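The values are calculated or read from the model by the stated rules, or taken from the named source; none is laboratory data. No experiment lies behind these values; they were computed from the predicted model shown. Cβ coordinates were reconstructed from backbone atoms using ideal geometry, including for glycine residues, and neighbour counts include every protein chain displayed. Note: accessible area is taken over every heavy atom of the protein model, side chains too, but ligands, DNA and RNA are not part of it. Shrake-Rupley method; radii C 1.70, N 1.55, O 1.52, S 1.80 Å.
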Amino acid sequence: MSKIRNPGLAEQGLVQIEWAEQHMPVVAKFIRERFEKEKPLNGVIVGAVLHVTKETAALVRTLVAGGARVFLAASNPLSTQDDVAAALASQEGIEVCAWRGMNEKEYFDCIRWVASQKPNIVIDDGGDLHATLHKEFPDVAGQVWGGTEETTTGVIRLRAMEKQGVLKYPAIAVNNARTKMMFDNRYGTGQSTIDGILRATNILFAGKKVVVAGYGWVGRGIAMRARGMGARVIVTEVDPIRALEALMDGFDVMPMIEAAKIGDIFITATGNKKVIRREHFEVMKDGAILANAGHFNVEIWIPDLEEMAVSKRTIRKYVTEYKLKDGRKLYLLAEGRLVNLVAAEGHPSEVMDMSFANQALSAEYLVKNRGKLEPRVYLVPDEIDQEVARLKLKAMGVEIDELIPEQVEYLQSWQLE
Ligand code: NAD
Ligand code: ADE
């Protein structure tokens, strides 16, 4: 039985889902129409832990169109869209355990509820479902046909499980598909992180010094979009190659301890912990704004902020003011959780169309290859990655060139003419 905030929001949620699906032709039209005909997931139990958004709803409805039964829990206590959860819970074949503002215990209880459904296929965002299955439900994990992982942090955790030899089922790193990472992590997070900061604060970006921690796919997207709004962007990194890339992309690069003294807005995007901590809070300007786009709320080290503060109050929704001993005020957005999903609506539907097309096709691949794959971490098969790009271009009405036979031969030969 579903556990959601308010079933009365179902009608409103359905309209939001329809709006998302209008912008998700690959998942909600091309793949869904084929799934409806072929039923590749007939009778399959899918356990999913994803942000419960209108875009996730489009994926879930496509899995159900393919014949699956879906049990869905939230992948963050603050990211659930309650109207969407209600709409999904009202549909045949879908059960939901998610509401915005759940506490840590409720969050893990919902994940345990998914695990206890004995899923055949598991779809996770961040690795909490994979970890819970392995730690608390080893027998269920041993029976899982295969899993997928939506985000960088979850893939890191899966690879650590593989390295330790404890991974019990084959897992596909959907995050690492080119049609996911290059678009979702970069353009999706780039736009929606700025959107979250703007909705929470309504501040002007033009002329501000924005410090972006981490220059991976997410950091690149945020830095690019912040610059586009007239901000002066500083990047911090620990990887010398990525630091060089940021420099040559035209951004200032320096250690966080230097950036901390001059930044107006700080955005973490590293997937690492304690990236902004006591020594940095100590030198920040009065009024500095702190936001996180990385998966977990550990990048801005809140325990230090809590210890240093003499008082704390909520200024606006998702804006917490920490007053320090010397009178300076620092503003933490969205409790240090993913600002784009908490204070805004996450990535726009158009980009989730590609991420979730990879999820749907990877789930189908795992079912087709049941029993044939080792318990390892796999990349999304290149045919699926290419197919997602092909379908997206088709939906956008864009055609591209094809190699002529001489070019195919030329690209395969070493005696060049
Ligand atoms: P990535 O591995 O491509 O990039 C992370 C970068 O951070 C790397 O270049 C690394 O060197 C750097 N880094 C690590 N520790 C650092 C430190 N202490 N200081 C400065 N830089 C440091 O990963 P990514 O795909 O860009 O993802 C980053 C995070 O964002 C992950 O947690 C991922 O799960 C999450 N993510 C969030 C969303 C969202 O919707 N908010 C979307 C996609 C990914
Ligand atoms: N991750 C980032 N944006 C998202 C969205 N709109 N829906 C689900 N997961 C997301």
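Points worth noting:
- Among residues other than Val218 with Cβ under 10 Å from its Cβ, the summed charge is +1 (Lys and Arg +1, Asp and Glu -1).
- When the alpha-carbon atoms of region 126-223 are used, the pair Rg, Dmax equals 17.4, 56 angstrom.
- Bins of 5 Å from zero: percent of alpha-carbon pairs in region 105-151: 5, 23, 38, 24, 8, 1
- Local net charge near Thr201, Cβ-Cβ under 14 Å (Lys/Arg +1, Asp/Glu -1): +2
- Tyr378, Tyr410, ranked by accessible area, largest first (probe 1.4 Å): Tyr410, Tyr378
- A simple rule links phi to the HN-Hα coupling: the Karplus curve 6.51 cos²θ - 1.76 cosθ + 1.60 with θ = phi - 60°, which for region 103-110 gives 8, 4, 5, 4, 4, 6, 4, 5 Hz, with x for Gly and Pro.
- Highest to lowest packing among 122-133, 137-148, scored as the average C-beta count within 10 Å: 122-133, 137-148
- Fully extending the segment from Glu36 to Glu335 would add 103.5 nm, taking 0.36 nm per residue of separation and subtracting the current Cα-Cα distance.
- The orientation-averaged projected area of the convex hull spanned by the Cα atoms of region 67-156 comes to 5.9 nm².
- A 1.4 Å probe over all protein chains sorts Glu162, Glu374 by accessible area into Glu374, Glu162, starting with the largest.
- Cross-link table Lys39/Lys168; Lys37/Lys394; Lys37/Lys368; Lys3/Lys29, entries beyond 22 Å C-alpha to C-alpha: Lys39/Lys168; Lys3/Lys29
- Rolling a 1.4 Å probe over the protein heavy atoms gives region 1-136 an accessible area of 37 Å² per residue.
- Rounded to the nearest whole Hz, the Karplus-based 3J(HN,Hα) values (6.51 cos²θ - 1.76 cosθ + 1.60, θ = phi - 60°) of region 232-240 follow the sequence 9, 9, 10, 10, 10, 8, 10, 9, x, with x at glycine and proline.
- Dividing the radius of gyration of the alpha carbons in region 1-153 by their Kirkwood radius gives 0.95 for Rg/Rh.
- Just the protein heavy atoms count here, and of the accessible area of the chain at 1.4 Å, carbon and sulfur take up 51 percent.
- Kirkwood radius and radius of gyration were both taken over the C-alpha atoms of region 291-416, and their ratio Rg/Rh is 1.23.
- Normalised convex hull volume, region 238-357, alpha-carbon set, Å³ per residue: 122
- Net lengthening on full extension, Leu247/Asp286 (0.36 nm per residue, minus Cα-Cα): 11.3 nm
- Net charge of Cβ neighbours under 13 Å - reference Arg328; Lys, Arg +1; Asp, Glu -1: +1
- Surface/4 of the Cα convex hull for the chain, nm²: 22.8
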